[in-house]
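See below for the structure under consideration.
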Amino acid sequence: QMWEEAIALGKELAEQYENEMFDYEQLSELLRKQAQFYENIVKVIRPKPDYFAVGYYGQGFPTFIRNKVFIYRGKEYERREDFEARLLTQFPNAEKMKTTSPPGDDIKNSSGQYIQCFTVKPKLDLPSKFHRPVSEQIVSFYRVNEVQRFEYSRPVRKGEKNPDNEFANMWIERTIYVTAYKLPGILRWFEVKSVFMVEISPLENAIETMQLTNDKINNMVQQHLNDPNLPINPLSMLLNGIVDPAVMGGFTNYEKAFFNEKYMHEHPEDHDKIEKLKDLIAWQIPFLAEGIRIHGEKVTEALRPFHERMEACFRQLKEKVEKQYGVRAVPSSLDDRRGSRPRSMVRSFTMPSSSRPLSVASVSSISSDSTPSRPGSDGFVLEPLLPKKMHSRSQDKLDKDDLDKDKKEKKKEKRNSKHQEIFDKEFKPTDISLQQSEAVILSETISPLRPQRPKSQVINVISSERRFSVSPSPPSSQVTPPPITPRTKLSFSIQSNLELNGMSSADLTDIPPPLPLKGSMADYGNLMESQDLISPTTSPPAHQRVSP
């Protein structure tokens, strides 16, 4: 399900298909796959695997893993207990360590085998192409993939213990692990190359926690806006845990710990951080309001009392926060922050295509071949729909243009198809009785190509007793055969009971006839019937019948 990686490889293949191999069939299939991958990224929810830090300590391990730490990528939905059990089967004599702090030299130099395993959190490293806020569905892939930095946070208490508020002196000791390569790679585990530690103050921890909470609310709201069919239970638990003070306490503990004169006097350098925390608390209200609105639309009747209690708690919380920290408005570009297309762009038509109104782009694509309907428009911009009057006028004009174009095409094809029709009728093995004075009436059929003239210019038709000779109309006025149609350029002359060139039908099938003698300078096709030129009853001399 790493469709992002498949898209990157597909782009390399597309470059080869398009510019090197010119295999457009493979290119079209590849682009269809890429379109499906993009759709999967937005719509399909992928499970997020956990990452585990594993340390092998002791001289009993092989040298390539001895006293080293590795980051493993777990399987889908694999818990830490299952991963540890799978790991210990490879080293049945190893002992599992109880703590997560680095071991001492006594354990590292011992002859035994000690395995330390704990869950680490991958640190998001977004690619540089995401220079603006995008959908969480897109970013979620990079939260657990293409990661090289991992962190493990361990709470540490400093100073006096405050029984009323544990957040006042809770520090975070964060260890950062950097692997040799990004995970996942050719392996599901890589060695840790560098480790360093940072300390997070209680106020910085509070700011970080509030930021993560706001992001979590906003991401879940976006998911429900994108997919209304998501279950409502995770949203109910998240909202109730923040709104109801009896569950988690909300940010009240932060107010008690940091928003007082004592802390301000002892830590004057944290004034900007306190203002930032107040701003995050104020921004949480519009996100909660949007989440509760969605929850109210999707809640069932069985959970209606639960939703009403949550709304009552939210009203009290909203009134208090807006009074103390100001009012924050939901961003007007919420759809843009989601990174999804506006709803107007994905609206689908349910009416049939015949009654669907045409857009400007549709009309221009029909009426013109290549020029756009107006300057600066292209095929990727949706144009507004035309009014009905404009649509009917444009459609009438299109119909008129189509009729004129059809008439011109028919006239052109009529001229080109005359000769084809003549030859088609002559070659049919049907008996046709023609009188010498009768005109031949031909039915017109559309033929795309003009036929080639036969080499002999003579067509053998019907039987050996009736033959036709085809000759183009000569430009001179001396020899003019009777016209067949007013517009044709071919004419027929009938020679009944006459053998062409004095040859029988049996000879015609074996030996081609010689060229006829010229009757005039402009007539090459008509055969002369004069007995002086050729005898109809005798065969021509032998030297004239030369094989081709």
- Could you count how many residues in the stretch 143-173 are of a type in the set (S, T, N, Q) and within 30 Å of Ser128 (Cβ to Cβ)? 3
- Task: Identify all residues within the stretch 139-175 that are surrounded by fewer than 16 Cβ atoms within 10 Å (Cβ to Cβ) and either among the β-branched types (Val, Ile, Thr) or in the same structural domain as Ile7 (by the TED database) (or both); write none if there are none.
- Result: Val139, Val156
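Here is a yes/no grid of residues against (1) surrounded by 15 or more Cβ atoms within 10 Å (Cβ to Cβ); (2) at pLDDT 85 or above; (3) under 25 Å from Glu297 (Cα atoms); (4) not small (Gly, Ala, Ser):
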{"residue": "Pro234", "(1), (2), (3), (4)": "no, yes, yes, yes"}
{"residue": "Leu239", "(1), (2), (3), (4)": "yes, yes, yes, yes"}
{"residue": "Ile242", "(1), (2), (3), (4)": "yes, yes, yes, yes"}
{"residue": "Pro245", "(1), (2), (3), (4)": "no, no, yes, yes"}
{"residue": "Gly250", "(1), (2), (3), (4)": "yes, no, yes, no"}
{"residue": "Ala257", "(1), (2), (3), (4)": "yes, no, no, no"}
{"residue": "His265", "(1), (2), (3), (4)": "no, yes, no, yes"}
{"residue": "Lys273", "(1), (2), (3), (4)": "yes, yes, no, yes"}
{"residue": "Leu280", "(1), (2), (3), (4)": "yes, yes, no, yes"}
- Message: Quick check on the stretch 194-201. Is at least one of its residues within 21 Å of Lys48 (Cβ to Cβ), in contact with a Lys or Arg (Cβ under 8 Å, 6 or more places away or on another chain) and without any contact (Cβ under 8 Å) to a residue 40 or more places away in the chain?
- Response: no
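Table: residues versus (1) out of contact with any Lys or Arg (no Cβ under 7 Å at 6 or more places or on another chain); (2) open to solvent by less than 50 Å² (accessible area, probe 1.4 Å); (3) modelled with pLDDT of 95 or more.
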| position | (1), (2), (3) |
| --- | --- |
| Gly60 | yes, yes, no |
| Phe70 | yes, yes, yes |
| Glu78 | yes, yes, no |
| Pro92 | yes, no, no |
| Glu95 | yes, no, no |
| Ser101 | yes, yes, no |
| Asp106 | yes, no, no |
| Gly112 | yes, yes, no |
- Query: Is it the case that the stretch 120-139 has a residue that's part of a strand (DSSP E or B), of a type in the set (A, V, I, L, M) and under 30 Å from His224 (Cα atoms)?
  - Reply: yes
- Just checking, how many residues over the stretch 185-194 are crowded, with 18+ Cβ neighbours inside 10 Å and under 31 Å from the mean Cα position of the chain (by Cα)? 0
- Task: Could you list all residues from the stretch 192-238 that are of a type in the set (Gly, Ala, Ser) and more than 21 Å from Glu275 (Cβ to Cβ)?
- Result: Ser194, Ser236
- Flag if Glu39 is within 27 Å of Ser140 (Cβ to Cβ), more than 16 Å from the chain's Cα centre (by Cα), surrounded by fewer than 12 Cβ atoms within 10 Å (Cβ to Cβ) and of a type in the set (D, E, K, R): no
- If you go through the stretch 200-232, how many residues are surrounded by fewer than 20 Cβ atoms within 10 Å (Cβ to Cβ) and touching a strand residue (DSSP E or B) at 6+ places or on another chain (Cβ under 6 Å)? 2
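The values are calculated or read from the model by the stated rules, or taken from the named source; none is laboratory data. Because the structure is predicted, anything quoted here is derived from the model rather than measured. Here Cβ is always computed from backbone atoms with ideal geometry, including for glycine, and neighbour counts include all displayed protein chains. For accessibility, only protein heavy atoms count, side chains too; no ligands or nucleic acids. Shrake-Rupley method; radii C 1.70, N 1.55, O 1.52, S 1.80 Å.
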